[in-house]
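Okay, structure first, notes after.
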Amino acid sequence: MTSTPDTSSAPFSRIGIRTGALVFCRNDVALIRRDRADSTHYTPPGGNVEHGEDLRQALARELAEELDLDTGQAEGGDLLWVIDQRVTRPGPTPPPRKLHLIYRFHITPELRATLATTEQDELPDGSHETGIIEWVDYRKTGELPIFPPLGPALAALPDPRTTVTDAALEAVTDQNYTWV
């Protein structure tokens, strides 16, 4: 009988999937700004896929929760980028390997005016952290502290509707990323 090694405490022994979206309104893209005592960072709206959940359903759920966006009212929904995260992070839980699936949507200014301006993220202790929905010109995202770090690729797009031929962005590892 072969025994399976216990990997429950080994870094990257679990794989998580996060769906996120770059929601464009003309040249602006929605990002969630999180202000903390020692740092500020941005993230595209989205979240973890729950066990057994369909990827598109997870994305629709997260965009409804965070932006009050019904994806049926948006144009697009194509997979833009995949980012493989294998980076150690602060905290007691061993870090998972995570695949970030970043989709792209386009909305009208009229729809944008109806969306949320803040987002409540539940923390492990049951409290909440407020994120600010900020609309940023996508060409200015290259220098922003965005996680996953897609700012340079986003800023390099010639147009928000540009076709991307390689969906794989550089993997995020301890060698090229440090948590802020």
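The values are calculated or read from the model by the stated rules, or taken from the named source; none is laboratory data. Fair warning: this is a prediction, and the values are worked out from it, not measured in the lab. Please note: Cβ atoms are built from the backbone with ideal geometry, for glycine as well, and neighbour counts cover all protein chains shown. With ligands, DNA and RNA removed, areas are computed over all heavy atoms of the protein, side chains included. Shrake-Rupley method; radii C 1.70, N 1.55, O 1.52, S 1.80 Å.
Every residue, every condition in (1) at pLDDT 95 or above; (2) in a strand (DSSP E or B); (3) farther than 14 Å from Ala60 by Cα; (4) of a type outside the set (A, V, I, L, M), yes or no:
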{"residue": "Gly76", "(1), (2), (3), (4)": "yes, yes, no, yes"}
{"residue": "Leu80", "(1), (2), (3), (4)": "yes, yes, yes, no"}
{"residue": "Arg89", "(1), (2), (3), (4)": "no, no, yes, yes"}
{"residue": "Pro92", "(1), (2), (3), (4)": "no, no, yes, yes"}
{"residue": "Pro95", "(1), (2), (3), (4)": "no, no, yes, yes"}
{"residue": "Leu101", "(1), (2), (3), (4)": "yes, yes, no, no"}
{"residue": "Phe105", "(1), (2), (3), (4)": "yes, yes, no, yes"}
{"residue": "Leu111", "(1), (2), (3), (4)": "yes, no, yes, no"}
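If you go through region 29-68 and pick out every residue that is in contact (Cβ under 8 Å) with a residue 60 or more places away in the chain and of a type in the set (Gly, Ala, Ser), you end up with 2. For Thr141, are the conditions met, namely being surrounded by 11 or more Cβ atoms within 10 Å (Cβ to Cβ), of a type outside the set (Gly, Ala, Ser), within 17 Å of the chain's Cα centre (by Cα) and within 24 Å of Arg86 (Cβ to Cβ)? Answer is yes for this residue. On the basis of being aromatic (Phe, Trp, Tyr) and at pLDDT 95 or above, does Phe12 make the cut? No. When region 104-133 is filtered for residues that are of a type in the set (Ser, Thr, Tyr) and in contact with a helix residue (DSSP H, G or I) (Cβ under 6 Å, 6 or more places away or on another chain), nothing remains.
Would you mind stating whether Glu134 is assigned to a strand (DSSP E or B), modelled with pLDDT of 95 or more and out of contact with any Ser or Thr (no Cβ under 8 Å at 6 or more places or on another chain)? Answer is yes for this residue.
Residue count for region 69-97 satisfying the condition of being open to solvent by 30 Å² or more (accessible area, probe 1.4 Å) and either touching a strand residue (DSSP E or B) at 6+ places or on another chain (Cβ under 9 Å) or over 17 Å from Glu119 (Cβ atoms) (or both): 17. Residues to consider are Pro152, Pro124; find the one that is part of a loop (DSSP other than H, G, I, E, B) and either farther than 14 Å from His41 by Cα or touching a residue at least 40 places away in the same chain (Cβ under 8 Å) (or both). Going through Pro152, Pro124 in turn, the sole match is Pro124. Evaluate region 125-135: report whether one residue or more is β-branched (Val, Ile, Thr) and within 15 Å of the chain's Cα centre (by Cα). Yes, the conditions are met somewhere in region 125-135.
Selection within region 144-180: residues that are of a type in the set (Gly, Ala, Ser) and surrounded by 12 or more Cβ atoms within 10 Å (Cβ to Cβ). The member of this set that is nearest to Gly16 (Cα to Cα) is Ala171. Considered as a group, the residues in region 17-68 that are hydroxyl-bearing (Ser, Thr, Tyr) and over 14 Å from the mean Cα position of the chain (by Cα) include one that is surrounded by the most Cβ atoms within 10 Å (Cβ to Cβ), and that residue is Thr40.
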